[in-house]
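The values are calculated or read from the model by the stated rules, or taken from the named source; none is laboratory data. The structure presented is a predicted model; accordingly, all values stated were derived computationally and were not measured. Every residue, glycine among them, receives a Cβ derived from its backbone with ideal geometry; neighbour counts consider all protein chains shown. Quick note on the areas: whole protein, heavy atoms, side chains included, nothing else; ligands and nucleic acids left out. Shrake-Rupley method; radii C 1.70, N 1.55, O 1.52, S 1.80 Å.
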Amino acid sequence: WSPELSSDLYRIDGWGAPYFTVNSSGDISVRPHGTDTLPHQEIDLLKVVKKASDPINSGGLGLQLPLVVRFPDVLKNRLESLQSAFDYAVQSEGYEAHYQGVYPVKCNQDRFVVEDIVKFGSGFRFGLEAGSKPELLLAMSSLCKGSSEGLLVCNGFKDAEYISLALVARKLQLNTVIVLEQEEELDLVIDISRKMAVQPVIGLRAKLRTKHSGHFGSTSGEKGKFGLTTTQILRVVRKLKESGMLDCLQLLHFHIGSQIPSTELLADGVGEAAQVYSELVRLGAGMKFIDIGGGLGIDYDGTKSSDSDVSVGYGLQDYASTVVQAVRFVCDRKNVKHPVICSESGRAIVSHHSVLIFEAVSSTTTRSQELSSMSLHSFVEKLNDDTRGDYRNLSAAAIRGEYDTCMLYADQLKQRCVDQFKDGNLDIEQLAAVDAVCDFVSKAIGAS
């Protein structure tokens, strides 16, 4: 056995790259700076656990498992990688605006996580997204220490208290956008903003036709739970125009669904949203931002498959380039100024940065039944002709040292016996005996 075989068995270089690998000791090793991690910066996870769980009088921390081990440098690297991917796409596509992301607080509300993201992302104008009043308060508190250009995107159900709080955030000079997810929310925004004498910045969530059919796409498509239909969008525009507030409408938001499996689906959804954005510009709205929502997937099993709910068939750069290309294509065709691109990537930012470690509570071992030559003879005598033929072929292959053929006949023998048992022609002792024969064969071949 070797560390390389362990790495292959658990496919660590598939799902874990570039942050997790197997080191020369056979332990899981963490690379906090991704591909830029130097050899002396790698962290042996087993040593971390030992230090944390050893008694204090032995120099440890005296902590008990389970433990959550956080790696803030991984958060920093994820933010930098996401920004770098979009910066490259913007530059290579000749896109005439920039990218600035927001982190959806619902993904992980841990204070240290949120504060780290704001700190690490301040140079990128990175902001936060809130979907409830508690999240909004948390985001307001954190963003006071972040970039003044960072967006505070207010999603979710909005009552008068939520909207008032969002407008207070605007008074505090936070770059707050109230995103309408239901048509009736607009009346509250207009009424409360006038009472508070605050000019709101308004976004709206469009209910696109593009649908993500996977496990994480249930809220997408025209029958999805969230967002405004095209008819509702037109009514919102008309009401804002009548109120003299059409210039307040500056952001279009949509969400295809989490774990978008392919760039083809992504391009389709972003292209449709860019058409809606262009139409809002034509209708006179003061549009500046297109918020593509979440959906940037994580390859949890390392298969790089677009047919799986736990994998995706693209990388970070593919995602960014697809988004920028789709928006630029539509805007250029409609002669619309390129909007600032925003995304709400949650799992893609935080998934790799923490590890839950717990003790195995028990283990099971399989004890093979011992077979004497007498019991083996008795077992063979009760087999039917086809099954006895498999056993003879198995014996002959073993004598010749043809191990692959030997395993093939062992599997065939086992399957025939299972079929006989299901038909009632083999008793349970016989079934246990064939398991013992096949285990013996497997161990003998493994040893040789």
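Summary table below
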| read-out | value |
| --- | --- |
| Residue check, V336 in contact (Cβ under 8 Å) with a residue 40 or more places away in the chain, open to solvent by less than 10 Å² (accessible area, probe 1.4 Å) and not hydroxyl-bearing (S, T, Y) | no |
| Any pair with Cβ under 8 angstrom, 6 or more apart, that starts in the stretch 116-129 at a residue that is in a strand (DSSP E or B) and ends at one that is of a type in the set (F, W, Y) and open to solvent by less than 10 Å² (accessible area, probe 1.4 Å) | G127/Y103; L128/Y103; E129/Y103 |
| Strands (runs of 3 or more DSSP E) enclosed by the stretch 1-87 - at least 1 residues per element that are within 21 Å of Y103 (Cα to Cα) and touching a strand residue (DSSP E or B) at 6+ places or on another chain (Cβ under 8 Å) | 67-70 |
| Options S193, S148; residue that is at pLDDT below 95 and closer than 25 Å to R125 by Cβ | S148 |
| Among (1) at pLDDT below 85; (2) in a loop (DSSP other than H, G, I, E, B), the one test that E344 misses | (1) |
| Condition check for S92: assigned to a helix (DSSP H, G or I), surrounded by fewer than 15 Cβ atoms within 10 Å (Cβ to Cβ), of a type in the set (G, A, S) and in contact (Cβ under 8 Å) with a residue 40 or more places away in the chain | yes |
| Among residues of the stretch 16-67, those that are open to solvent by 30 Å² or more (accessible area, probe 1.4 Å) and at positive phi, counted | 3 |
| Checking K288 against (1) of a type in the set (K, R); (2) within 22 Å of L128 (Cα to Cα); (3) touching a helix residue (DSSP H, G or I) at 6+ places or on another chain (Cβ under 6 Å), the condition it does not meet | (3) |
| Extreme residue, farthest from the chain's Cα centre (by Cα), among residues of the stretch 108-121 that are at pLDDT 95 or above and open to solvent by 50 Å² or more (accessible area, probe 1.4 Å) | K119 |
| Matching entry among Q412, Q430 (being modelled with pLDDT of 85 or more and either among the small types (G, A, S) or surrounded by 15 or more Cβ atoms within 10 Å (Cβ to Cβ) (or both)) | Q412 |
| Restricting the stretch 239-275 to residues that are of a type in the set (V, I, T) and open to solvent by less than 30 Å² (accessible area, probe 1.4 Å), the residue that is nearest to the chain's Cα centre (by Cα) | I260 |
| D332 of a type in the set (D, E) and assigned to a loop (DSSP other than H, G, I, E, B) | no |
| Looking only at the stretch 277-308, and only at residues there that are part of a helix (DSSP H, G or I) and out of contact with any Leu (no Cβ under 6 Å at 6 or more places or on another chain), the one that is surrounded by the most Cβ atoms within 10 Å (Cβ to Cβ) | L280 |
